[in-house]
Amino acid sequence: MPTLAIIGAQWGDEGKGKITDYLAEGADMVVRYQGGANAGHTIKIGEEVFALHLLPSGILRKDVMAVIGNGMVLDLDRLEEELEALKEKGISGENLKISDRVNIVLPYHRTLDGAQERSRGAKVVGTTGRGIGPCYADKISREGIRMGDLLDEELLRSRLDLVLPIKERFAASLGENLDIHREKLIAKLLEYGKKYEACVCDTSVLINDAIKAGKNVMFEGAQGTMLDIDYGTYPYVTSSNCTSAGICTGAGVPPSAVQEVVGIVKAYTTRVGAGPFVTELHDDIGETLLKNGGEFGTTTGRARRCGWLDLVVVRHAVRLNGLTSIALTKLDVLNGLSELKVCTAYEIDGEIVRNFPGNYRQLEKAVPVYETLAGWDNWTEKTSKLCAGGFEALPTKMKEYVAYIEKDIGVPVGIISVGKGRNETIDRRQNKW
Ligand code: IMP
């Protein structure tokens, strides 16, 4: 099983950071292929906590090559900050490779992100404000600046000559003055180009060569299926393909390159930002999930909206991504709840719907159809000790919760996570590297 993808199966924040780091053990290469500094991965190694936004989790292991693929949007100011913070913790970052084709997030993208949000009035998307949407929009409208452009002054100048007036006119239409100091911007970008030149290459060649050589390559998804630009809760989504399909265009590999697709599913549901959320709880249980789950954004610090597990969402993710197994995270957060609800379908205008609708007005009307399962008590034992006993040692009702999910979605739960630490994990997968 030399290639493996990790995909968020809900609205992001499913605990991908921990699972990616756990699975990165044994990987030779970890590739990010979409999103940018809007992602937030928290990884705990020993007592040290690392918060990554842009960098692939593999950066923390010096023997793993960490790749920023062409499908990401790269904010070089953020990259600097992140690499500096890692250096302070003794991580060199020398194992980083950057695609020559990745689009660069420029200061005006961040300004436009804010201006566009303000212009939406009550219909804000609730973006992270990191310039992600405007940068992807530029890529698609062929007005982007790519990493390779920073290595070629003439090219960079001619691109900016074309693009800057367009951006200025657009900003003005939103009542915003971009106030771009052209020469200063060019100097900064050329400086970045020089600084990172040694890391920049055609990462598609690098990745495909690694696969051909039988190396273990991991594709690390950011955000989650429900934030996918095509299949998420549009327009309340991010601007990239968070589903496994994004791997092909975002890393430059063929569909046959991905063998295992692990979906990360939180044992309940959360989302940040605006948009429909059928199983959202506005009661004490929602508060408990928020508090016990520490559900505050790694990137923005915003409190996440919390609700019961939605299997309509998870089945949508299974189908779209071709998930071969699930990693079920944060099961410990449900400890002590006397009963648990899982949503198996929606009722919309009196009809039972089992597939996730594309129309968000329908979603706003959807009433969750719940199955109620028994909860389990709080544990008195340390979770790491409990995990040492394997799946069998878990509370019976917890095992029943897992079995219920497996049966409904038709995919095995390969990994169970009951805490932040690496040793608070149970791994039941058949295929491992
Ligand atoms: P953007 O990606 O900043 O454009 O934000 C679009 C939507 O995606 C907003 O609702 C964000 O809160 C959400 N979003 C973006 N990145 C993440 C993430 O890593 N986790 C959860 N939500 C995210």
Exercise. Determine the per residue accessible area of region 180-336 with all protein chains present and a 1.4 angstrom probe, expressed in square angstrom.
Key: 37
Quiz item: Of the beta bridges DSSP finds with both residues in the chain, what % are antiparallel, to the nearest 5?
Solution: 40
Exercise. Would you mind classifying region 379-433 by shape? Square roots of the alpha carbon gyration tensor eigenvalues, ordered a ≥ b ≥ c; an a/c under 1.5 is rounded, otherwise it is prolate if a/b is larger than b/c and oblate if not.
Key: oblate
Exercise. Any chance you could give the angle, 0 to 90 degrees and rounded to 10, that helix 107-119 forms with the longest Cα principal axis of the chain?
Key: 60
Self-check item: Proximal aspartates and glutamates relative to residue 330, as straight alpha-carbon distance under 14 Å, when same-chain residues fewer than 8 apart are discounted
Solution: 13, 14, 295, 424
Quiz item: For residue 336, which sequence-distant residues (separation of 5 or more, or a different chain) have an amide H within less than 5 Å of its own amide H, given hydrogens modelled in the peptide plane?
Solution: 376, 377, 378
Quiz item: What shape does region 103-199 take by its C-alpha gyration tensor, where a ≥ b ≥ c are the square roots of the eigenvalues and a/c under 1.5 counts as rounded, a/b above b/c as prolate, and the rest as oblate?
Solution: prolate
Practice problem: Might you report the magnitude of the Cβ-based charge dipole of the chain about its Cα centre, with Lys and Arg at +1 and Asp and Glu at -1, to the nearest 20 debye? | Solution: 220
Quiz item: With θ set to phi - 60° and the Karplus curve 6.51 cos²θ - 1.76 cosθ + 1.60, what are the ³J(HN,Hα) couplings of region 368-383 in order, to the nearest whole Hz, using x for Gly and Pro?
Solution: x, 9, 9, 9, 9, 10, 6, x, 10, 6, 5, 8, 9, 7, 5, 5
Quiz item: When the helices in the chain are scored as -39500 (n - 2.57) per DSSP H run of 4 or longer and the sum is shared across all residues, what 222 nm value do you end up with, to the nearest 500 deg cm²/dmol?
Solution: -10000 deg cm²/dmol
Practice problem: Calculate what fraction, in whole %, of the accessible area of the chain sits on carbon and sulfur atoms when a 1.4 Å probe is rolled over the protein chains. | Solution: 48
Self-check item: Under the Karplus curve 6.51 cos²θ - 1.76 cosθ + 1.60, θ = phi - 60°, whole-Hz ³J(HN,Hα) for region 279-294, x wherever Gly or Pro sits
Solution: 9, 4, 10, 10, 10, 4, 5, x, 5, 4, 4, 4, 6, 5, x, x
Quiz prompt | Under 19 Å between alpha carbons - lysine pairs in region 103-199 that sit 8 or more apart or on different chains | solution = 5
Self-check item: Positive dipole terminus of the chain, leading residue within 163, 425, 369 (C-beta point charges)
Solution: 369
Quiz item: Can you run phi through the Karplus equation (6.51, -1.76, 1.60; θ = phi - 60°) for region 315-320 and list ³J(HN,Hα) in whole Hz, with x for Gly and Pro?
Solution: 5, 4, 5, 4, 5, 5
Quiz item: Any idea how far the Cα center of region 1-67 sits from the one of region 259-303, in Å?
Solution: 19
Quiz item: If r is the Cβ-Cβ distance from residue 338 to residue 137 and R0 is 30 Å, what FRET efficiency results, to the nearest 0.05?
Solution: 0.05
Quiz item: Using modelled backbone amide H atoms (1.01 Å from N, in-plane), which distant-in-sequence or interchain residues come within less than 5 Å of residue 369's amide H?
Solution: 344, 345, 346, 347
Quiz item: Excluding same-chain residues fewer than 8 positions from residue 432, which lysines have a Cα within less than 18 Å of its Cα?
Solution: 16, 18, 215
Quiz item: Relative to the longest principal Cα axis of the chain, at what angle does helix 153-173 sit, 0 to 90 degrees, rounded to 10?
Solution: 70
Practice problem: Report, by chain and number, residues whose modeled amide H sits under 5 Å from the one on residue 75, excluding near sequence neighbours (fewer than 5 apart, same chain). | Solution: 37, 105
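The values are calculated or read from the model by the stated rules, or taken from the named source; none is laboratory data. It should be emphasised that the depicted structure is a prediction, and the values quoted were computed from it without experimental measurement. All Cβ positions, even for glycine, are placed from backbone atoms using ideal geometry, and neighbour counts span all protein chains on display. Side chains included, ligands, DNA and RNA excluded: accessible areas come from the protein's heavy atoms. Shrake-Rupley method; radii C 1.70, N 1.55, O 1.52, S 1.80 Å.
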